[in-house]
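Written below as C-alpha cells is the structure these notes are about.
The values are calculated or read from the model by the stated rules, or taken from the named source; none is laboratory data. From a predicted model like this one, the values you see are computed outputs, not experimental measurements. Here the Cβ positions follow ideal geometry from the backbone for every residue, glycine too, while neighbour counts run over all protein chains shown.
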Amino acid sequence: MTRWIKIIAAFFTSLTGLACFLILLILGVIVGDILVHGWPHLSWEFVSTAPSADLAHGGIFPAIFGTVALVLIMTILVVPLGVAAAVYLHEYARQDSKLVHLVRLALQNLAGVPAIVFGLFGLGLFVRFCGGSIDDLLFGGKLTIGQPCILWAASTLAVLTLPTVVVATEEALRAVPRNYREAAYAMGATRWQVVRYVVLPQSVSGILTGGILAISRGTGDVAPILFTGAAYYLAHLPTKLNDQFMTLGYHTYVLTTQSPDVEATKPVLYSTALVLLVLTFALNFAAVLIRSKIRRKLRQT
Amino acid sequence: MKPILKLDRFSAWYGDAPALRDVSLGVYPNEILGVIGPAGGGKTTFLRSLNRMNDLVLNFRMDGTLAYHAIDLYRSAIDIATLRRRLGMVFAVPVPLPGSITHNLALGPRMGGAADDLQARIEKSLRAAYLWEEVKDRLDLSALSLSGGQQQRLCLARTLMLEPEVLLLDEPCSGLDPISTAKIEEALQALKKDVTVILVTNNVMQASRVADRTAFFLQGKLVEVGPTSQIFVNPKEKVTHDYISGRFG
C-alpha cells in the first residue's frame, strides 16, 4: 500500500517536472535551430544593406529599420493612451459606475480579438476612414495619407496592445497604498496632484512593464500590419508617416511563402528570423534598462 | 470667544450605519481639545468630518451643520484642497511618502503653489515637531529610513509646513514608544500658541496630560465635554467616570 503511494507520488513529481522540461526544450529547439541555421549567413553586410529584388540576396536593413520605427511609433501612441485610460478607470471614475464596468468589459473583449481582425479593422477605420477623411478635408481629396502606411500600421498595433498596457497600468496603480493617497489629500492635494505626485511616481515601473509587454507583442506581429502599411519590397526607407515600410516579421512571411526559389532563400530566411529574435530581445532589454534607471532615480529622491 | 469650529446637531452615516448622532460642539482658538472614547464610538468620523476627508468614503453622508469661522463647510462652495490646508491632519499610522525628508516636507507647499523660502520653513517645522536635531544632517535621506517615532514627527512637521490653523490628530501616538510620545506631547504644548489642536486618543492619560478640554464620545454620541480637570475629577455622567477609570473600553 505505502509502496504504491510512493510510486504514484514519484510519478506525479516527474510528470510536473517533465512539463517544465518540455517548456525549456521547446524554447531551446526554436532558438537553437534558428541560431544554427541563421548564424552562417549573418554578416554586417546582411544587416546593413537592402535586399535584392528577388529577395534571395542582399540584406534586410530596411526591415530592421521599419520594425524599430513601427514599434517606436506604436509605443508613443499606446503608452500615453493606455496609461490615461487606466488612470481614469482607477483614480477618477466611481468604481460602481456602469461606464467603468463597460470599459473593463470592452478591454477584455479587445484582448480576445484575433490579430487578423485587427488588421481588417485598421484598414477600415484608420486607412479608409481616418486617412480618407483627412485627405478629403486637408488635401482636397488628393491621396496623401488615405493609404496603408507606417502611421496606420502603428495605430493598429497600438489598438492591439492597448489592453495589455491598460491592465498592467491598473495593476500598478492598485499596488499604490491607499494611505499614500490619503496623506496627499490631507495635505490639500487635488485629485490630479495625488495622481501626479504620489500615484504615478509609485507605479512607473509597473507601467513600463506594460510598455515592455506591448513592445514584445508589437515587434513580431504580422497580421495587424498586413493590410495597413507593411510592404513586400521597398527600395527606399520610410521617411514620412505616410510611407510604407518593411518589417522583419512580414519579411519572414514573404521569404517563406512568396519566394520564387525556396531553397535559395532559406539561409536568408533563417538569418532574418534570428535578427527578429535578437531585435525583440534588444528592444525588451532597452525598456528594462530604462525601467531600472527610473527605479533607481525614484529611490534616490 | 467665538469658536473656530462649530458643530450643530451633526450626524453622519456610512451607508445605513450611523457613525455620529446629533453632535453639538464648539472648538475654540488655541486650545487642545482631547477626544476620548472606546473604539467605534465616532472619534475618527468626527475628526475626518472636519476636513472633509470622509468625502473619500463612497457611502458617507451627513446631516446637521458644521461651521468653520461661520462658513457652512458642507453647504457652501468651498475649495476642499484649501480647507484641508487650513485643517491639517496627522494619521494614526505614520505615512511618510517615498522620497527624501526634504521631499516629504516640500510637497505640501509645492502642491499649494507657495514654495518660496523652503529651507527656512523646513527647519522651522522640524524644530516645532521636535525632530530637527535628529535629522538636520541627513535631510536628503529617505523618509522611510526613519524610525516609527521619527516618521510620525516627520508627518507632524509635514502638516505644519502647510501652516494650518487647526491640527487634527488621529491617535498620533498609538504605535509609538514613550519617548517619541513625550516629544509629540511636548511639541503640541508649544504649538498651542499658534494653532488649535484636536487630539483623538485611545490613551485616556494622554488626554489628561495635554488636553485643555476633553470630549467623551460613546456610540456615536457626544456624552459630555468640559475642562479636562472637571471631566477627569468630577464628570457629570456616570459612563464618563466608568470609562476614565477603566471599567470598560
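Is it the case, given these coordinates, that A:T257 is touching a Phe, Trp or Tyr at 6+ places or on another chain (Cβ under 9 Å) and not small (G, A, S)? Full working, then the answer.
Values: touching a Phe, Trp or Tyr at 6+ places or on another chain (Cβ under 9 Å): no; not small (G, A, S): yes.
Taking the combined requirement at face value, the residue does not satisfy it.
So, in the stretch B:87-99, of the ones that are in a loop (DSSP other than H, G, I, E, B) and facing chain A (nearest Cβ under 9 Å), which residue ends up nearest to B:L167 (Cα to Cα)?
So, considering only residues that are in a loop (DSSP other than H, G, I, E, B) and facing chain A (nearest Cβ under 9 Å), the one nearest to B:L167 (Cα to Cα) is B:F91.
Residues in the stretch B:74-86: is at least one within 13 Å of chain A (Cβ to nearest Cβ) and of a type in the set (D, E)?
First, the residues of the stretch B:74-86 that are within 13 Å of chain A (Cβ to nearest Cβ): B:78-86.
The next check asks that each one be of a type in the set (D, E); those that pass are B:79.
Yes - at least one qualifying residue is present in the stretch B:74-86.
If you scan the stretch B:100-120, which residues turn out to be farther than 16 Å from A:M187 by Cα and either in contact with a Lys or Arg (Cβ under 6 Å, 6 or more places away or on another chain) or within 14 Å of chain A (Cβ to nearest Cβ) (or both)?
Scanning the stretch B:100-120 gives a single hit, B:S100.
Restricting to the stretch B:122-156, give me the number of residues that are buried (at least 16 other Cβ atoms within 10 Å of the Cβ), more than 17 Å from B:V90 (Cβ to Cβ) and within 14 Å of chain A (Cβ to nearest Cβ).
Qualifying residue count, the stretch B:122-156: 2.
Against the conditions (1) within 26 Å of B:G40 (Cα to Cα); (2) free of Cβ contacts under 8 Å to residues at least 24 places away in the same chain, where does B:A120 fall short? Just the number, please.
For B:A120, the exception is condition (1).
Can you say whether B:L5 is touching a strand residue (DSSP E or B) at 6+ places or on another chain (Cβ under 6 Å) and either in contact (Cβ under 8 Å) with a residue 24 or more places away in the chain or within 11 Å of another protein chain (Cβ to nearest Cβ) (or both), as far as the supplied structure shows? Full working, then the answer.
Values: touching a strand residue (DSSP E or B) at 6+ places or on another chain (Cβ under 6 Å): yes; either in contact (Cβ under 8 Å) with a residue 24 or more places away in the chain or within 11 Å of another protein chain (Cβ to nearest Cβ) (or both): yes.
Answer is yes for this residue.
Identify all residues within the stretch B:23-60 that are among the charged types (D, E, K, R) and touching an Asp or Glu at 6+ places or on another chain (Cβ under 9 Å); write none if there are none. Step through it out loud before you land on a result.
Going through the stretch B:23-60, the residues among the charged types (D, E, K, R) turn out to be B:31, B:43, B:48, B:52, B:55.
Answer for the stretch B:23-60, where residues must be among the charged types (D, E, K, R) and touching an Asp or Glu at 6+ places or on another chain (Cβ under 9 Å): B:E31, B:K43, B:R48.
Identify all residues within the stretch B:187-204 that are among the aliphatic types (A, V, I, L, M) and either modelled with pLDDT of 95 or more or over 28 Å from B:P18 (Cα atoms) (or both); write none if there are none. If you could, list the steps in order and put the result at the bottom.
Step one: of the stretch B:187-204, the residues among the aliphatic types (A, V, I, L, M) are B:187-188, B:190-191, B:195, B:197-200, B:204.
Once the filter is applied, which keeps residues that are among the aliphatic types (A, V, I, L, M) and either modelled with pLDDT of 95 or more or over 28 Å from B:P18 (Cα atoms) (or both), the stretch B:187-204 yields B:A187, B:L188, B:A190, B:L191, B:V195, B:V197, B:I198, B:L199, B:V200.
Is at least one residue of the stretch A:110-117 in the same structural domain as A:P177 (by TED's automatic domain parsing), closer than 23 Å to A:Y233 by Cα and part of a helix (DSSP H, G or I)?
Our first condition is that a residue be in the same structural domain as A:P177 (by TED's automatic domain parsing); within the stretch A:110-117, this holds for A:110-117.
Imposing the further condition that a residue be closer than 23 Å to A:Y233 by Cα reduces the set to A:115-116.
Subset that is part of a helix (DSSP H, G or I): A:115-116.
Yes, some residue in the stretch A:110-117 is in the same structural domain as A:P177 (by TED's automatic domain parsing), closer than 23 Å to A:Y233 by Cα and part of a helix (DSSP H, G or I).
Within the stretch B:23-35, can you find the residues that are surrounded by 15 or more Cβ atoms within 10 Å (Cβ to Cβ), part of a strand (DSSP E or B) and in contact (Cβ under 8 Å) with a residue 24 or more places away in the chain?
First, pick out the residues of the stretch B:23-35 that are surrounded by 15 or more Cβ atoms within 10 Å (Cβ to Cβ): B:23, B:25-28, B:31-35.
Within this subset, residues satisfying the condition of being part of a strand (DSSP E or B) are B:23, B:25-27, B:32-35.
B:V23, B:L25, B:V27, B:I32, B:L33, B:G34, B:V35 - these are the residues of the stretch B:23-35 that are surrounded by 15 or more Cβ atoms within 10 Å (Cβ to Cβ), part of a strand (DSSP E or B) and in contact (Cβ under 8 Å) with a residue 24 or more places away in the chain.
What are the residues in the stretch A:1-34 that are farther than 24 Å from A:D261 by Cβ and either charged (D, E, K, R) or in contact (Cβ under 8 Å) with a residue 40 or more places away in the chain (or both), if any?
So in the stretch A:1-34, the residues farther than 24 Å from A:D261 by Cβ come out as A:1-32.
Those that are farther than 24 Å from A:D261 by Cβ and either charged (D, E, K, R) or in contact (Cβ under 8 Å) with a residue 40 or more places away in the chain (or both): A:R3, A:K6, A:V31.
Read through the list (1) under 23 Å from A:K240 (Cβ atoms); (2) more than 22 Å from the chain's Cα centre (by Cα), then give the number of the only condition that A:W39 fails.
Result: A:W39 fails condition (1) only.
If the Cβ limit is 8 Å and pairs must be 6+ apart or interchain, which residue in the stretch B:36-56 that is more than 14 Å from every other protein chain (Cβ to nearest Cβ) and over 15 Å from A:M187 (Cα atoms) pairs with which residue that is polar (S, T, N, Q) and part of a helix (DSSP H, G or I)?
B:T45/B:N54
I need the full set of residues from the stretch A:223-281 which are of a type in the set (D, E, K, R) and farther than 29 Å from A:G131 by Cβ, in order please. Explain how you work it out, then say what you get.
At the first step, the residues of the stretch A:223-281 found to be of a type in the set (D, E, K, R) are A:240, A:243, A:261, A:263, A:266.
Those that are of a type in the set (D, E, K, R) and farther than 29 Å from A:G131 by Cβ: A:D261, A:E263, A:K266.
Kindly indicate whether any position in the stretch A:194-210 is touching a residue at least 12 places away in the same chain (Cβ under 8 Å), away from every other protein chain (no Cβ under 14 Å) and either of a type in the set (A, V, I, L, M) or in contact with a strand residue (DSSP E or B) (Cβ under 9 Å, 6 or more places away or on another chain) (or both).
yes
Could you check A:T256 against (1) without any contact (Cβ under 8 Å) to a residue 24 or more places away in the chain; (2) more than 30 Å from A:H41 (Cα to Cα) and say which number it fails?
Condition (2) is where A:T256 drops out.
Of all residues in the stretch A:183-200, which are in a helix (DSSP H, G or I) and surrounded by 19 or more Cβ atoms within 10 Å (Cβ to Cβ)?
Kept after step one, since they are in a helix (DSSP H, G or I), are these residues of the stretch A:183-200: A:183-186, A:191-200.
Within the stretch A:183-200, A:A183, A:A184, A:Y185, A:A186, A:Q193, A:V194, A:V195, A:Y197, A:V198, A:V199 meet the criteria.
Answer yes or no as to whether B:T65 is among the hydroxyl-bearing types (S, T, Y), in contact (Cβ under 8 Å) with a residue 40 or more places away in the chain and more than 14 Å from chain A (Cβ to nearest Cβ). If you could, list the steps in order and put the result at the bottom.
Values: among the hydroxyl-bearing types (S, T, Y): yes; in contact (Cβ under 8 Å) with a residue 40 or more places away in the chain: yes; more than 14 Å from chain A (Cβ to nearest Cβ): yes.
So B:T65 fits the description; yes.
Given the residues A:V275, A:V268, which is the only one that is in contact with a His (Cβ under 7 Å, 6 or more places away or on another chain), under 28 Å from A:H37 (Cβ atoms) and touching a residue at least 24 places away in the same chain (Cβ under 8 Å)? Break it down stepwise before answering.
Numbers: A:V275 fails: in contact with a His (Cβ under 7 Å, 6 or more places away or on another chain).
Exactly one of A:V275, A:V268 is in contact with a His (Cβ under 7 Å, 6 or more places away or on another chain), under 28 Å from A:H37 (Cβ atoms) and touching a residue at least 24 places away in the same chain (Cβ under 8 Å), namely A:V268.
From the residues in the stretch B:36-49 that are among the aliphatic types (A, V, I, L, M) and within 13 Å of B:A215 (Cα to Cα), which one is surrounded by the fewest Cβ atoms within 10 Å (Cβ to Cβ)?
B:L47
Out of all the residues in the stretch B:13-21, is one or more outside any strand (DSSP E or B) and either surrounded by 15 or more Cβ atoms within 10 Å (Cβ to Cβ) or touching a helix residue (DSSP H, G or I) at 6+ places or on another chain (Cβ under 9 Å) (or both)? Quick ask: steps written out before the conclusion?
Our first condition is that a residue be outside any strand (DSSP E or B); within the stretch B:13-21, this holds for B:15-16.
Next, only the ones that are either surrounded by 15 or more Cβ atoms within 10 Å (Cβ to Cβ) or touching a helix residue (DSSP H, G or I) at 6+ places or on another chain (Cβ under 9 Å) (or both) stay: none.
Checked the stretch B:13-21: no residue is outside any strand (DSSP E or B) and either surrounded by 15 or more Cβ atoms within 10 Å (Cβ to Cβ) or touching a helix residue (DSSP H, G or I) at 6+ places or on another chain (Cβ under 9 Å) (or both).
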